[in-house]
Each structure stands twice: as structure tokens, then as C-alpha cells.
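Quick notes on the structure that follows.
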Amino acid sequence: MVWYTGQFYALFFLLIYLKLDFLRTYQLVGLSLLIGTPFFLVFGALSDRIGRLKIILAGCAIAALTYFPLFRASRIT
């Protein structure tokens, strides 16, 4: 549920607030899904070894540092 919410929020944020073109928005979200999906397997296996809390906290930290710059960059291009 969290994954779907994040994807739809990103899609609507790009469309409504950043006013990106419809096709470009879906291309960006589709590309991000293609790139990100294999990492579910990688980080799932890693979390079995080192623990889920460390993976979750690292993911939250990366998201907090990169969301705004990435969305801002997508509006510029």
C-alpha cells in the first residue's frame, strides 16, 4: 500500500503541481518503476542479513535528501 501511495503521489505531484506534460510525466514515473523494481529484491535480501530497520532508515534518509532536488530538476528539463 505504501509503495502504491508513493507512486501515485509522485505522479500527481508532477502533473498537478509541477505542471509537467502528461506524456513526459508518465514516462518519468514508468522509468523510475523500471529502475526501482529490481532493487526490491536486492534490498529485501540485504534486509534479511542486516535487519529491516537499517534499510528503512537509510531509505527514509535518502528520500529526505533527494525528493525535492529531483522534483525541482524534473521541472527544469
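Annotations for the structure displayed:
- The stretch 20-77, accessible area per residue, ligands and nucleic acids excluded (1.4 Å, Å²): 83 Å²
- Within the chain, trypsin sites (Lys or Arg not before Pro) in DSSP loop having at most 15 other beta-carbon neighbours inside 10 Å: 19
- Degrees, to the nearest 10: 52-76 long Cα axis against longest axis of the chain: 20 degrees
- Cβ-based charge dipole, the chain, positive-most Cα from 13, 70, 38: 70
- Overall, the accessible surface of the chain at a probe of 1.4 angstrom is composed of carbon and sulfur to the extent of 76 percent.
- Cα gyration tensor shape for the chain, rounded if a/c is under 1.5, else prolate or oblate: prolate
- Under a Gaussian network description of the chain, with springs only between Cα atoms under 10 Å, the residue in 53, 14, 28 that fluctuates furthest is 53.
- Label-point gap, in nm, between residue 41 and residue 8 - each point 7 angstrom along Cα→Cβ: 2.8 nm
- Rounded tilt (10° steps) of 22-50 against the dominant C-alpha axis of the chain: 10 degrees
- Angle between the chain longest axis and helix 2-12 axis [Cα atoms, degrees, rounded to 10]: 20 degrees
The values are calculated or read from the model by the stated rules, or taken from the named source; none is laboratory data. Small disclaimer: the values here were computed from a predicted structure and weren't measured. Note: ideal-geometry Cβ built from the backbone for every residue, glycine included; neighbour counts use all protein chains shown. Keep in mind that these areas ignore ligands, DNA and RNA; they rest on the heavy atoms of the full protein, side chains included. Shrake-Rupley method; radii C 1.70, N 1.55, O 1.52, S 1.80 Å.
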